[in-house]
Amino acid sequence: MRTPPGRTVAHQRREYTTMAEPVIRIAPPVAELIGPENTAAARRPPNRTYKCPRCGGQGSFAQPSSLVVMVADGMPTLVRYAHPACMPSCVQPYAPQSFRVPDSRAMHLTAALLPGRHGYRPAVIAELTGRETIVLPSGDRLDGWMPVLLDLGLSLLASLEAAVPAAPGWSIALPGSCSGIISAPDGSVLYHGELHQFAAWRQAIAATGHAELLSGVIGLGAAAPAGPGAQLQALAEAARAGLLAGGMVPVTVLCRPGPLSA
Ligand SMILES: [Zn+2]
């Protein structure tokens, strides 16, 4: 038996009303720390759900939530939503290393040749598929991955044309033609998984022994169907928006494919 149309409409309207006015509890010290503009922005969450920093479970803005601000020495202020039962709205200290949670599933790697003044430059683009909101003490909002990359020695890139500085301690290893490993200076493996390589890229790597490691929240995957030109534009826009970090990183080929080793 079908649901009478009237009931469906009433149900949708009730749901819409709940979504339009999420109840977000914000304690005065939290509002004072992040300022009126960020407090107002926090009352309009961009998504319907959030990940609770205490229990790790999903929360829905259809239910009340708490705004939690996490602070650590020398690190940006992190703004998160939490289940009110898990955490009341508060200012919470955190350990800076809790930022460094390597999870290869949250990263997608692309081997690319970028046009340069002296020919093509081999690059590995490590795109974060998730995103966390960060509010700097200055009040600026920043992507959550950027402070980690900068803290680990990558540089903020203002444009794709600018020379990419060396990133001491970083390394890329290629165990095969379909996989890659990215290690940070502190020894942590940030990525170990798929990296599809093509012949011209591998030749460029063999010639220089280096690649530009570029990372951020770029929208490369979304631009892929429109072709390499659109992907290059997405990279350039990420750089202009201050959301692209990079460094020149040595690449070690751990396993050469048959034809090249002869
Ligand atoms: Zn929770």
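The values are calculated or read from the model by the stated rules, or taken from the named source; none is laboratory data. This is a predicted model, so every value here is computed, not measured. No Cβ is skipped: glycine too gets one built from the backbone with ideal geometry, and neighbour counts run over all protein chains shown. Surface areas here come from the heavy atoms of the whole protein model, side chains and all, with no ligands, DNA or RNA. Shrake-Rupley method; radii C 1.70, N 1.55, O 1.52, S 1.80 Å.
Numbers below:
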| read-out | value |
| --- | --- |
| Filter pass, Trp201 being closer than 15 Å to Gly116 by Cα and in contact with a strand residue (DSSP E or B) (Cβ under 6 Å, 6 or more places away or on another chain) | yes |
| Matching residues, the range 28-49, being β-branched (Val, Ile, Thr) and out of contact with any Leu (no Cβ under 7 Å at 6 or more places or on another chain) | Ile34, Thr39, Thr49 |
| Residue match in the range 68-76 (condition: at pLDDT below 85 and over 23 Å from Met146 (Cα atoms)) | no |
| Number of positions in the range 30-79 that are open to solvent by less than 30 Å² (accessible area, probe 1.4 Å) and assigned to a loop (DSSP other than H, G, I, E, B) | 7 |
| Residue count for the range 207-233, restricted to those that are touching a Lys or Arg at 6+ places or on another chain (Cβ under 7 Å) and modelled with pLDDT under 90 | 1 |
